[in-house]
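> Below: one structure in structure tokens.
The values are calculated or read from the model by the stated rules, or taken from the named source; none is laboratory data. What you see is a predicted model; the values in this text were computed from it and never measured. Cβ atoms come from the backbone with ideal geometry, glycine included; neighbour counts cover every protein chain shown.
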Amino acid sequence: MAGTVTVTITNVPSAQFPEFASRKGVKTARGSKIVTWACVGDSSNGTVPDTSTDAGMAANGNTITEEITGMFLHKALNIPISGNPTANAGIAFKRVYSGLTAANAPDLLGGLGADLIQNTVARECPASINGNVAYQPVDGAITLVVSDQAVASAQWQVKGFFVEF
């Protein structure tokens, strides 16, 4: 069976995300948003397709891309679920602009997600620009790209945490 990725979004009231409420300049009226990519590796080689935020819909009928546009990516979190995904497999959050492909698009994690997937522990990394930690503005669809995951039928989640300034 081919690998699959399902994209969902959760609205998080600011009271449940207090680390942002105390930061200067962070707007909390809309709360924060968490985008979850639920991944199941291919049954023969463990791969999953590159998957855009355009692939998911919010409860209000908007695409997930529409819900996070204008916000900032704060961090990414990987959570192994079952089947022990390949240790040190990588993720990237690609901004695929017109004329680009996921292979040559900028990575909102600045390469820091290169070995984020672990087989038994959750790990997170900050958004960055060329490896320097920085909130990344979202101005369009974000595509999750997973590399080097080879465990057949492994299951894991990747979460993106978004805030508004």
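> Among the residues that make up region 135-151, is at least one of them in a strand (DSSP E or B), modelled with pLDDT under 95, under 13 Å from the mean Cα position of the chain (by Cα) and buried (at least 16 other Cβ atoms within 10 Å of the Cβ)?
The initial filter retains those residues of region 135-151 that are in a strand (DSSP E or B), namely 136-137, 142-147.
The next check asks that each one be modelled with pLDDT under 95; those that pass are 136-137.
Right, trim to under 13 Å from the mean Cα position of the chain (by Cα) and you get 136.
From what's left, buried (at least 16 other Cβ atoms within 10 Å of the Cβ): 136.
Yes, there is a match, as at least one residue in region 135-151 is in a strand (DSSP E or B), modelled with pLDDT under 95, under 13 Å from the mean Cα position of the chain (by Cα) and buried (at least 16 other Cβ atoms within 10 Å of the Cβ).
> Considering only residues that are hydrophobic (A, V, I, L, M, F, W, C) and modelled with pLDDT under 95, which ones fall in region 122-133?
Result: 129, 133.
> Identify all residues within region 46-90 that are charged (D, E, K, R) and out of contact with any Asp or Glu (no Cβ under 8 Å at 6 or more places or on another chain); write none if there are none.
Narrowing region 46-90 to residues charged (D, E, K, R): 50, 54, 66-67, 75.
Scanning region 46-90 gives 50, 54, 66, 67.
> Checking the conditions here, which among 67, 124 is outside any loop (DSSP other than H, G, I, E, B), acidic (Asp, Glu) and either surrounded by fewer than 17 Cβ atoms within 10 Å (Cβ to Cβ) or in contact with a Ser or Thr (Cβ under 7 Å, 6 or more places away or on another chain) (or both)?
On the way: 67 fails: either surrounded by fewer than 17 Cβ atoms within 10 Å (Cβ to Cβ) or in contact with a Ser or Thr (Cβ under 7 Å, 6 or more places away or on another chain) (or both).
After applying the criteria, what remains is 124.
> Just to be sure before I move on: is residue 81 in contact with a Pro (Cβ under 6 Å, 6 or more places away or on another chain) and closer than 26 Å to residue 44 by Cα in the structure I sent?
When the stated conditions are applied, residue 81 does not pass them.
> Considering only residues of region 70-88 that are surrounded by 14 or more Cβ atoms within 10 Å (Cβ to Cβ) and within 24 Å of residue 165 (Cα to Cα), which is farthest from the chain's Cα centre (by Cα)?
71
> Same structure, new question: Scan (1) out of contact with any Ser or Thr (no Cβ under 7 Å at 6 or more places or on another chain); (2) in contact (Cβ under 8 Å) with a residue 40 or more places away in the chain; (3) surrounded by fewer than 22 Cβ atoms within 10 Å (Cβ to Cβ); (4) within 21 Å of residue 53 (Cα to Cα) for the single condition residue 91 breaks and write down its number.
Unmet for residue 91, out of (1) out of contact with any Ser or Thr (no Cβ under 7 Å at 6 or more places or on another chain); (2) in contact (Cβ under 8 Å) with a residue 40 or more places away in the chain; (3) surrounded by fewer than 22 Cβ atoms within 10 Å (Cβ to Cβ); (4) within 21 Å of residue 53 (Cα to Cα): (3).
> Considering only region 97-124, state which residues are over 22 Å from residue 49 (Cβ atoms) and in contact (Cβ under 8 Å) with a residue 40 or more places away in the chain.
120, 121, 122, 123, 124
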